[in-house]
1. Can you confirm whether L298 is in a helix (DSSP H, G or I), assigned by TED's automatic domain parsing to the domain that holds L122 and surrounded by fewer than 24 Cβ atoms within 10 Å (Cβ to Cβ)?
2. Has the stretch 556-572 got at least one residue that is among the hydroxyl-bearing types (S, T, Y) and in a helix (DSSP H, G or I)?
3. For P241, which of the numbered conditions (1) in a helix (DSSP H, G or I); (2) closer than 16 Å to I300 by Cβ fails to hold?
4. Can you pull out every residue in the stretch 202-238 that is more than 27 Å from P311 (Cβ to Cβ) and part of a helix (DSSP H, G or I)?
5. Of the conditions (1) open to solvent by 30 Å² or more (accessible area, probe 1.4 Å); (2) within 20 Å of the chain's Cα centre (by Cα), G136 satisfies every one except a single condition; which number is it?
6. Return the residue satisfying two criteria in turn: it lies in the stretch 163-174 and is in contact with a Ser or Thr (Cβ under 8 Å, 6 or more places away or on another chain) and crowded, with 24+ Cβ neighbours inside 10 Å, and of such residues it is modelled with the lowest pLDDT.
7. Would a scan of the stretch 529-552 turn up a residue that is free of Cβ contacts under 8 Å to residues at least 24 places away in the same chain, of a type in the set (A, V, I, L, M) and over 23 Å from F127 (Cα atoms)?
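The values are calculated or read from the model by the stated rules, or taken from the named source; none is laboratory data. If you're wondering where the values come from, they're calculated on a predicted model, not measured in any experiment. Cβ: placed from backbone, ideal geometry, glycine included. Neighbour counts: every protein chain shown. For accessibility, only protein heavy atoms count, side chains too; no ligands or nucleic acids. Shrake-Rupley method; radii C 1.70, N 1.55, O 1.52, S 1.80 Å.
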Amino acid sequence: MTTLHGIDYAVMLLYFGFVLGIGAMLRRYVHTSEDFFLSGRSIPAWVSGLAFISANLGAQEVIGMGASGAKYGIATSHFYWIGAIPAMVFVGLFMMPFYYGSRARSVPEYLKLRFDEKTRGLNAMSFAIMTVFSSGISLYAMGKLLHLLLGWSFDLSIVVAAGIVLAYIFLGGLTSAIYNEVLQFFLIVFGFAPLVFLGLRDVGGWAGLADRLAGVATANGYAPGAYTRSWTFMGSASANPVGVEWFGLVMGLGFVLSFGYWCTDFLVVQRAMAANSMTAARRTPLIAAVPKMLFPFLVIVPGMLALVVSPTSGVRQAGPAVTASPPALTSQTSPTSAASAAGIVPPKRDARTGEPLRDARGRVVPDYDLATPMMLVHFFPAGLLGLGLTALLASFMSGMAGNVTAFNTVWTYDLYQSYVRPGAPDAHYLAMGRFATVFGVAISVAAAYVAASFNNIMDFLQLVFAFVNAPLFATFALGMFWKRATGHGAFTGLLAGTLAAGLHHGLSLPTGAAVGVKGGYLGVVTTYPSELAQTFWTAIAAWLTCFGVTITISLATRPRQPEDLRGLVYGLTSKPTDDVRRWYERPGTLALLVLAGAVVLNAIFF
């Protein structure tokens, strides 16, 4: 068990005091349900922009992307430069005018305005389920972290962690979450930047890292540069650690999953909808895209380093090899212990026996989720370790808080107000929002145990997105840009797309995985080299099915009149005007700069 010093605890306690204090201070400004759920639409663009990125920068990203960095190498950057930036530009330029201009209080409410009530209801239910699963992933990550570093029981850890988030959201609502997310953004940056510096210094810079990863690549049957080049080996699924070819990557991640998440997920859209003007709302995702481009160096590189750093380097060196490790792994665990993976990535262990888990082919399953935490305890001395742990706590809290605030809004406005208690006083919905915060956190605790069955939480999260966001993006694309799309078509398409995702997932299985939560429960018809490859093609199947079914049913049903769709469909809506003086404040100019930056980064690591 890692020993923390007084200064480490002091840093963490100071942070807890700040976040709870912000919640308590902002409670006096929450008088209506709109104040609680949408911050009264009063947030400036730079605050909403940082909150936009910070809400996405949860523990599942900081720990999950570190895990993916260890598992897939620099190809994980595709989640940013292909799987985020183009979609963030698109939502800022084209979709925010509809969301903000329609005055919808949530993404499902926009679907009601554009289509009908049943489409809103279906999306609200699926989104509510997705948010609690995503919150569960954050809880699992934090519970595992506290178990690893402090020796707390997993059960106690997730209860304590959930209680902290519950407290400040219950007090201050979305405004409390947004301002805490800005604080958490800077903590994450300052907490992880020293880790990257110390790790790269230990291995001899980027050249040293590439040289060591070349050995890992060849040992796993890949070309030497497979872990340090993002595009070179995407010609064949068998030539790269991700296990997917360029078409599956671009279509599955770069188009379906990426646009499905950034353009339709109320978790992030809610931050932009809280902005104080249309121009600020459009700039929000564009401002967020700038740090988003640079985050691979902050969250992916530590995972890559964990594969190759020497166990005898750092401030906490590895001890002698042991044959049985205690349930709480520490930086003292030797990498050779129980056939551990290279570097300092430990094996995933059986909760009952403490022995390393093995896949269907008998290979030890590395616990990639521990890559970044192991780097922290390996390199950070007292004080700096407290800052690093606080950064992880901040990432957990920002991610979970984002999901909880989105859940309580959708539950209250789109489910409770619509189907259970319509026409109640505003104070009643405010009270229900606070109650929804409580039971949303409670359901998230249950979802944390499902996430424990995956050895990479980012894989699990992407699978959830494939079921929910992939078909939803097809519905939005047709709804916003094709006036002929109907409510019957949208509802049937959404349902068919989700069922198609379940069918594809149930008939496929990643290589080496056992039949169950990872697929194959309807029979194994095809296998994929990795869980991500399976997820990408599940998303493609869901999107294509929803797209085709929506068009077919729409053509067979009566459309709404054009005058009913003004402000909701492109071509029937006036283009927004940007009331700004400086050229760099214009959304179009920001979009060009962001896209140019993404192209340059892809070229450098090609």
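1. Criteria met by L298.
2. Scanning the stretch 556-572 turns up no residue that is among the hydroxyl-bearing types (S, T, Y) and in a helix (DSSP H, G or I).
3. (1)
4. Result: A237, S238.
5. Here G136 meets the rest and fails (1).
6. The qualifying residue modelled with the lowest pLDDT is Y168.
7. No, the stretch 529-552 has no match at all.
Per-residue answers, yes or no, for (1) open to solvent by 10 Å² or more (accessible area, probe 1.4 Å); (2) over 22 Å from the mean Cα position of the chain (by Cα); (3) touching a residue at least 40 places away in the same chain (Cβ under 8 Å):
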position: V410; (1), (2), (3): no, no, yes
position: Y419; (1), (2), (3): yes, yes, yes
position: D426; (1), (2), (3): yes, yes, yes
position: R434; (1), (2), (3): yes, yes, yes
position: A446; (1), (2), (3): yes, no, yes
position: A451; (1), (2), (3): no, no, yes
position: T475; (1), (2), (3): no, no, yes
